[in-house]
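Chemist: This is the structure I want to talk about, given as structure tokens.
Just so you know, all these numbers are worked out from the coordinates, no wet-lab data involved. Model, not experiment: these values are computed from the prediction. Don't worry about glycine lacking a Cβ; one is built from the backbone with ideal geometry, like all the others, and counts go over all protein chains shown.
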Amino acid sequence: MLKQKNKLMNSVSLAVIVIAGIVHLLARKFHVFDHTMHAHGMLTSSEMESQYGPTLYMLLALPVVLLAVTFAIYARRSDHPIIPYLHTLILTLGSNILNPLSKFRMQPTS
């Protein structure tokens, strides 16, 4: 039963990372969500890119690396007890990527 759960969660984790990658691409390269980010002094995606670009790329890469590790462990032993914990990390980090730094506000200059 654990093997089947791990297989399902591998698929779910991969889907979350793909969706996160699509949102990242739309937000950072095509600036699709900028029209919703101008209220209350929020940063636009181009401002986020200039200020937090490397950090955002690391946040995008971390769940991908964890998924690769999970696939490697799953290939050797599909019922390994660490796999559910890795899925938890992947899904947590993947969900944080879906809305990257949207709560950061520009500091008023005085």
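Chemist: Ranked highest first by the average count of other Cβ atoms within 10 Å around their residues, in what order do 54-64, 69-79 fall?
Modeler: The most tightly packed comes first, giving 54-64, 69-79.
Chemist: State the extension gain, in nm to one decimal, for the chain segment bounded by residue 46 and residue 7, taking 0.36 nm per residue of separation less the distance between their alpha-carbons.
Modeler: 10.3 nm
Chemist: When the Karplus curve 6.51 cos²θ - 1.76 cosθ + 1.60 is applied with θ = phi - 60°, which whole-Hz ³J(HN,Hα) does each residue of region 52-64 get, with x for Gly and Pro?
Modeler: These are the phi-based 3J(HN,Hα) values: 10, x, x, 5, 5, 5, 5, 5, 6, 6, 4, x, 5 Hz.
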